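The values are calculated or read from the model by the stated rules, or taken from the named source; none is laboratory data. All values reported here derive from a predicted model rather than from experimental measurement. Note that each Cβ is placed from the backbone with ideal geometry, even for glycine, and that neighbours are counted across all protein chains shown. Side chains are part of the model used for accessible areas, which takes the heavy atoms of the whole protein and leaves out ligands, DNA and RNA. Shrake-Rupley method; radii C 1.70, N 1.55, O 1.52, S 1.80 Å.
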Amino acid sequence: MGSLASKVRDFEVAEQNKKYIEAISKFNRLTQSGKIKWERRHPPEHLTKGSDYTMVDFYGTNYQGQNLGLYLYKVRAIDPQTGQLYGAEKIKLALFDKIWNESWLFPDVSGIDDLYHSVKYQVADVDGFIDSVLSVND
């Protein structure tokens, strides 16, 4: 059994994570409704320097005066059971300063993957393309 202090800390972390999940869910709703517009950007240089990962996508927006970045990268790792090299994809959401230096990284909580897919959908203008295809007479 954990100590009382440990249980309190776990409770506080869970409560904080709940707030992050709510915020990410709101970002997703605002993205889907078009109230937050994202753009594909070149990732900040400091995010491209790692040797154990490869940056795949980087999207940015400014919401209420704060830069947000959402990015997908592939991590190279070795499976401890097989010794095989593999790549795992990770999605991160972070706050960035005015010159796009990462200032804070959201913890890995639910909803970030959904936000990423909504952002990709928006930036690719899937709705616009489908509407265009359907409006053309054969």
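Here are some notes:
- Residue in region 74-92 that is farthest from I21 (Cα to Cα), counting only those that are assigned to a strand (DSSP E or B), of a type outside the set (G, A, S) and open to solvent by 40 Å² or more (accessible area, probe 1.4 Å): L85
- Close Cβ contacts (under 7 Å, 6 or more residues apart or on different chains) running from residues in region 93-120 that are open to solvent by 60 Å² or more (accessible area, probe 1.4 Å) to residues that are basic (K, R) and not in a helix (DSSP H, G or I) comprise L105/K92.
- Matching residues, region 34-47, being open to solvent by less than 70 Å² (accessible area, probe 1.4 Å) and either modelled with pLDDT of 90 or more or not aliphatic (A, V, I, L, M) (or both): G34, I36, W38, P43, P44
- In this entry, K26 is excluded by the filter for residues that are part of a strand (DSSP E or B), surrounded by 12 or more Cβ atoms within 10 Å (Cβ to Cβ) and not hydroxyl-bearing (S, T, Y).
- Among the residues of region 121-138, just one is surrounded by 12 or more Cβ atoms within 10 Å (Cβ to Cβ) and hydrophobic (A, V, I, L, M, F, W, C), namely V123.
- Considering residues of region 54-64 that are of a type outside the set (D, E, K, R) and open to solvent by less than 70 Å² (accessible area, probe 1.4 Å) only, the residue farthest from I78 (Cα to Cα): Y63
Residue by residue, here is whether (1) part of a strand (DSSP E or B); (2) closer than 23 Å to Q32 by Cβ holds:
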residue: L72; (1), (2): yes, yes
residue: S103; (1), (2): yes, no
residue: D114; (1), (2): no, yes
residue: S132; (1), (2): no, yes
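- Listed conditions (1) in a strand (DSSP E or B); (2) of a type in the set (A, V, I, L, M); (3) out of contact with any Pro (no Cβ under 7 Å at 6 or more places or on another chain) are all met by I99, apart from (1).
- Checking L85 against (1) under 19 Å from A124 (Cα atoms); (2) more than 15 Å from the chain's Cα centre (by Cα), the condition it does not meet: (1)
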